[in-house]
Amino acid sequence: MEDKELEVVKQEIIDKAVEKLEGNISTKYVTMEELKKSLENIKVPIIQNQDEPGGFTKFVKKTLTSTTEPIVPAQYVNKIFDIMRDYSVILKNATIVNVGSNTAYVPYVETRPTVVWIDEAAQITGMTEPSLANATATIKKAATLINISNELLADATIGPATDALIMDLVGKAFAKEIDKQILVGNTTPWNGIAKIAGTTSVTSTGYAPTWAELHNVIFGLSSDYMINPVFFANKGFYGIAFALTASTAGSPMLDLNTKTLLGYPYYANEDMNAPSAGAYAADHLMAIFCDPKQIIIGMRQELAVESTRAFKFDYDLTSLKITARLGVAFPYPAAFLLYKSKAT
């Protein structure tokens, strides 16, 4: 809403309040009860249409004349983050911590407490006391560029459709990149699950998943980390697994109806290693088995938008830059099992 429009609304509120109160004033004072009744009858909100159709597009156009890095209004940030969670298998399952600085300190239990049985009024002895520590998630900056036709931005009649298009593009782009870096990131911006030290592993005797080895995978993690474990792999991995049958039951181990592999949910990610002709290259990661809740993501709950027409001036386009900030921590590396092909 423009400043002038906001002033008009405020003045209407004042006028209505005076009108209602004048009807109640019969003495030199107004009782609190009368004041409450008068105010309850005023229905005009201070800010109308905060989430108006085409509002995000209008915000984008305002950034063209801004001299600072504008912060996207909260209602649009929330929509974009919702889209990110819809498309990201990591964000919808991981532990998300909202942070307000460039470093997130995530507390975790280094040594778990134990329970002992004692006699009535006896001293408690023999138990292990918990030990707490902090995992550090350094917040990194991610950005994406989107070029939009100036005519599209100027056409107010399709503002809502443009809003949905831009926010969907932004949400999808960030979701894909976040999943990629958390699963298989290599040094920059951080080491993903495939590269962190201290993980649990199962190494194949060949170059493709087998029935027996997949059983070793699902029983390879400590029960401490087995709350809701899932598989992450390239779709080619599941294609091979679907063809496998139990040596005794003779039934597929991958259930397409319940979307489970040996009873555990599975997710496909195209940035993970893919097999060729039914086999993986030597010493390649084939799948990750883990409880995604063991992934700690520190997120700055804000997005920044900058736009310019200079970058694509000769194309009559507006270039839109969106930046987000987040970091990741893996307090328990042993909670992640890597299923790899034969080393040589």
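A short reminder: the numbers here are calculations on the coordinates, not readings from a lab. Note that the structure is predicted; figures quoted are calculated from it, not measured. Cβ placement follows ideal geometry from the backbone for every residue including glycine, while neighbour counts extend to all protein chains displayed.
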How much length would be gained if the chain were fully extended between Asn257 and Ser201, taking 0.36 nm per residue of separation minus their Cα-Cα distance, in nm to one decimal?
17.3 nm
What do you get for Rg/Rh over the range 108-171 if you use C-alpha atoms and the Kirkwood form of Rh?
1.59
Everything considered on the Cα gyration tensor (a ≥ b ≥ c; rounded for a/c under 1.5, else prolate if a/b is larger than b/c, else oblate), the range 187-344 must be described as prolate
A chain fully extended from Asn150 to Leu132 at 0.36 nm per residue, minus the present Cα-Cα distance, gains in nm 1.0 nm
Would you please classify the overall shape of the range 268-344 from the alpha carbon gyration tensor, given that a ≥ b ≥ c denote the square roots of the eigenvalues, rounded means a/c under 1.5, and beyond that prolate means a/b larger than b/c while oblate covers the rest?
oblate
Calculated FRET efficiency for the pair Phe313/Asn216, C-beta based, R₀ 56 Å, to 0.05:
0.40
